[in-house]
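**Student:** This is the structure I want to talk about, given as structure tokens.
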Amino acid sequence: MAENFTNQPASESVRLIDFDEAKAVPGIVPGTFILVVSGTKPYLNMTVRLSPLTFIARPEYWGIEVVGALPGIGLPATASYTESLPLDGITGTKGIEVIGAYRTERIDLPDRG
């Protein structure tokens, strides 16, 4: 039986992590953008990814979470990270909102409908 996704238990191995910088840079195709986020991850073996939220209707700012996944035991050494995500189909009417562990940042983008 299918259950509501938002009612499922939260994962223990995945967490929001913070970021130092977020910017949207133009893509190769005119009118496209790529989100580039960088920061410091708390564990050397942590995998960082950018995870867009799901919306029923297009919001003003599309939320994109900065998520760290830790497979097993964390190696206690910090490391820099830079992740990118094409923004095709995941922009709000005004732009995007990058969501980290302790702060968020809104980035305005041209509305492409």
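**Student:** Just for the range 51-113, what percent of DSSP beta bridges are antiparallel, to the closest 5?
**Tutor:** The antiparallel proportion sits near 60 percent.
**Student:** How large is the Kirkwood hydrodynamic radius of the chain, counting all unique pairs of alpha carbons, in Å?
**Tutor:** 15.1
**Student:** Assuming R0 = 35 Å, can you tell me the calculated FRET efficiency for the pair ARG58 and THR78, based on Cβ-Cβ distance, to the nearest 0.05?
**Tutor:** The computed FRET efficiency comes out at 0.45.
**Student:** When only Cα pairs under 8 Å and 6 or more residues apart are kept, what is the percent relative contact order across the range 2-58?
**Tutor:** Normalised by residue count, the contact order of the range 2-58 is 25 percent.
**Student:** Separate question: Run the simple label-point estimate for ASN4 and ASP108 please: 7 Å along Cα→C-beta, distance reported in nm.
**Tutor:** Output for this residue pair reads 3.6 nm.
Where a number appears in this text, it was derived from the coordinates with a stated rule and is not lab data. Given the structure is predicted, the values throughout are model-derived calculations rather than measurements. All Cβ positions, glycine included, derive from the backbone under ideal geometry; neighbour counts span all protein chains shown.
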